[in-house]
Each structure stands twice: as C-alpha cells, then as structure tokens.
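Input: a single structure, listed below in structure tokens.
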Amino acid sequence: MKTLDTIAAELEGYDPQALRADRVNEFLLRLVEPVLEREQATIFQALGRVLAQDVISPISVPPHDNSAMDGYAFDGGQLQTGDADGGQLELQVVGTALAGKAWQGSVAPGQCLKVMTGAVLPQHLDTVVPQELVTVRHQSAEEGAQSIAIPRGLLRAGDNRRQRGEDLMQGEPALRKGALLTPAALGLLASLGIEQLPVVRKLRVAYFSTGDEILSLGEAPREGAVYDSNRYTVFGLLTRLGCDVIDLGVVPDEPTRLEAAFQRAASQSDAIITSGGVSVGEADYTKLMMKKLGDVAFWKIAMRPGRPMAVGRIGQSILFGLPGNPVAVMVTFLAFVRPALLRMMGSTEAATPLLKARSLAPLRKKAGRTEYQRGIVSQTSEGGLQVSAIGNQGSGVLSSMVQANGLIVLHHSQGNVGAGDEVDVMMFEGVI
Ligand code: AMP
Ligand code: MG
C-alpha cells in the first residue's frame, strides 16, 4: 500500500494545484489495488462480473466437423476429377444425417449423404453442397432412391463445413482472467458446458452527499436549498458497474455527523464516494474531516467541468471526494472514478474507448485543460459519426446530461475546434 506522497513522487509533472486529467488517471491506477477475494457464481449470476481466473476449454466447440447448410455432403476431391458429364458431378444419395443423429454407414466415392445444418460429417466428407444448388433425380427402380447432380464450377472442396474446434479448441483459453462477463461470454461458457465459474467478489462502495443546503427526497423545500441529485446519479453509475452500493444519505456540515459518516463508510466499503465540500476556500468541515481521518490529497484538476477533487485513503477504503456540481460529479466519475473502480474490480478493461466524430460546429476550447462537453452524436449520411455540443454546458445543468448521448473529450493541449474537425467522443451507451 503506497502512501500518496510516494505516488506523487513517482509521477512526472505532479502538480496538485493544476493537475492534468491524464495524471489523475495515472495517480489513481497506482493508488488502487484489485480486490483479491473471489466467489463461485452460476452463469445466471455472472453477468457483468469479472472473471477471477482463465477459463480453459474442457472440450472443442464444435466437437465434430459438421454441416453449415442443409444439403448433401461428399468428398470434395471429386470436384476436380473427370468432366465428361457436361460440368456436373453425379452422386448417389445413400442416406440422411440429421443434427444430433449421425449417419452410421459408409459413403463411397460416387456417393453422398443428405445432411441437415449441424449434422456431424463422417470422415472424408469434407464438402457440403447446399440443397438449392443441386438437381435431384429420382431413380425409378428403387423407391425413394435418389441421385443428385452438382454443377462443378460453384463449389470448392471444404465449402460449407464447420470444422471441429473452429470456435474453441480443447485446452485453449476461452476467456481470460479479468474479463468482464458479457451476454456473449455467458453463451460461450455455456457452449463449453460450464455452469459455475470463479468471479471477483463485488466491490462495496459507500456514498453520501454533503452540504447544509442539500435536501433529501421527502423533505419539504426550503429557501436556498436544493434536492440531492448526486446520490442518485452515483447510485445509477455504481449499479451499472455492478457494485454493491451503501447509501449513507445526506450529511450536513457538522463535524460529528461527518466523522460518523466517514467512519461508517470506511468500515464497510472498498471505496467511498462523496460529493460537495471540496472546493477551494470552502468554509466547511468536509475537507478538514477527510484530512483528519485519512491520507488525502486535495487537487485542482486542469479540466472542465470538475476541477476540485479529493483523493486518498480512509482506513482500508479509497476515498473519491467529488465536487458538488451535478454534472461535474458525473464527468469526474466517468473520467477518473470508473476506470479506478474497474481496476479494483479486477477488470483488465479499464479504458473506455473513444470514438471519432466530426464536430458540426466550431468549439471554443482553452489549451491547457481537458474539457468534457456534453454532445449529441449521430450518424452522417455517409455512415460516419458527427457530434453537436449541447448549448448549455453549465456544470450544474443536469438536463443537458440527459439530452446528451456522449461526452466530447477535448484533450489537454488541444485548442479551438473548427466545424468539420474530428474530435474524440466517449459514448454513454454501455457506460452509464
Ligand atoms: P460544492 O462543491 O459543495 O461547492 O457545491 C457546488 C454546487 O453544487 C452548489 O451549487 C451545490 O448546491 C451543488 N450541489 C452540491 N451537492 C449537491 C447534491 N448532492 N445535489 C445537487 N446539487 C448539489
Ligand atoms: Mg458545499
């Protein structure tokens, strides 16, 4: 467990009074450590969890070569031999193989097997001709006996065969430790016959809002007070991330109440998220209490919205002291807290990918800070992405966060953006 001072000394250009956004991420990734405890989860419980060890395929998928089509299976070598029959290959149909019901007999040269999609292909039958490509000829002598004619030019040996192990080969890793388990991953595990798997235990995150002016839901409105919105966005963000949440309510600006809240939070969580009370010159007890109870750094981040943030450790718990403004809470969460929590969850997929979109209008941007502008991303008629920034970018304006479907990320050294210029966007879909 490194102290904040040690980490600060390791970072190049660490300036708590004007900290670059990318330094914040570097700092946090050094501060937090993955949770080590694991538990068994059934496949139904595993969605969104982090895999605690590699899954090695116990079987090959598919387990046998099989047909990708309804049609006729035959030895594809015959497509190259003699061409005396006007470009057609004539084969006698000896039987039928269904998915789940293999053909037991043999199939000689000049013969083929009628197959349904998924049917196991007997050895030497490496090619399937789809039924719509053949001409079926009934042979009158034997009831039901058939032969088929295949036009030679349309097929190559090996066509329409799914090979054993082409999805997963026995003994190979199917999923890696640290993978976030998606619906596709659940299906993959099931295809291997796996019902239970080890996952990292859920992260426990406690949160509360601070401020004398903050009203809890259910309280009567009063002059100068605002309803707490941060606890609900934080609840939503944490729940989407798959954390166990501990809601400690609104804590007024009183030393004893704050101390009790921090102590309670630290005793039962891996991480604590607070909002409010970390601004410069803030005349309240939140910062004092953080300092008293833990190893905490107070930053001014070169960013917008956001800027003030407190980070550190109280007991065993990691503290993220976010600013109070509702949009700043969400942006600092997405930019800094989320990647750090993902690392604590044991995930190896911490970075949210940025996409490129063309800005529909010029954007004013001051070099020397990272800006996160709320934007609406849409598709251009050519299929690329375009983005327009929402008019009101005020850091308290939550309605524009609702309207937006992503954040335009304007990096530290970037200056003004011209209409038509490409910018990076962080899409909300799948993230919040
Ligand atoms: P602070 O960071 O405490 O100076 O707060 C900045 C602004 O955010 C102030 O206008 C606060 O009223 C507002 N604010 C702080 N906490 C919350 C909250 N939990 N819900 C809504 N607004 C808040
Ligand atoms: Mg305040």
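The values are calculated or read from the model by the stated rules, or taken from the named source; none is laboratory data. No experiment lies behind these values; they were computed from the predicted model shown. Using ideal geometry, Cβ is built from the backbone for each residue, glycine included, and neighbour counts are taken over all protein chains shown. Ligands, DNA and RNA are stripped out before the accessible areas are found, and what is left, the full protein with its side chains, is counted by its heavy atoms. Shrake-Rupley method; radii C 1.70, N 1.55, O 1.52, S 1.80 Å.
When residues in the range 215-260 are screened for being over 18 Å from Met290 (Cα atoms), open to solvent by less than 80 Å² (accessible area, probe 1.4 Å), within 16 Å of ligand 2 (Cβ to nearest atom) and of a type outside the set (A, V, I, L, M), 6 of them pass. Of all residues in the range 1-54, exactly one satisfies the criterion of being aromatic (Phe, Trp, Tyr) and either exposed (fewer than 14 other Cβ atoms within 10 Å of the Cβ) or assigned by TED's automatic domain parsing to the domain that holds Leu181 (or both), namely Phe44. Those strands (runs of 3 or more DSSP E) of the range 59-125 in which at least 3 residues are at pLDDT below 95, considering only elements entirely within it, cover 88-97.
For Ala283, the stated conditions hold: it is within 16 Å of ligand 2 (Cβ to nearest atom), farther than 21 Å from Asp5 by Cα and modelled with pLDDT under 95. Exactly one residue among Gly321, Gly277 is without any contact (Cβ under 8 Å) to a residue 60 or more places away in the chain and either within 11 Å of ligand 1 (Cβ to nearest atom) or in a loop (DSSP other than H, G, I, E, B) (or both), and that residue is Gly321. Residues of the range 399-427 that are outside any strand (DSSP E or B) and buried (at least 17 other Cβ atoms within 10 Å of the Cβ): Ser400, Met401, Ala404, Gln414. Of all the criteria given as (1) assigned by TED's automatic domain parsing to the domain that holds Ala266; (2) assigned to a helix (DSSP H, G or I); (3) more than 16 Å from ligand 1 (Cβ to nearest atom); (4) touching a residue at least 12 places away in the same chain (Cβ under 8 Å), the one not satisfied by Gly242 is (2). Residues in the range 283-318 that are free of Cβ contacts under 8 Å to residues at least 12 places away in the same chain and either in contact with a helix residue (DSSP H, G or I) (Cβ under 7 Å, 6 or more places away or on another chain) or within 24 Å of Ser229 (Cα to Cα) (or both): 1 in all.
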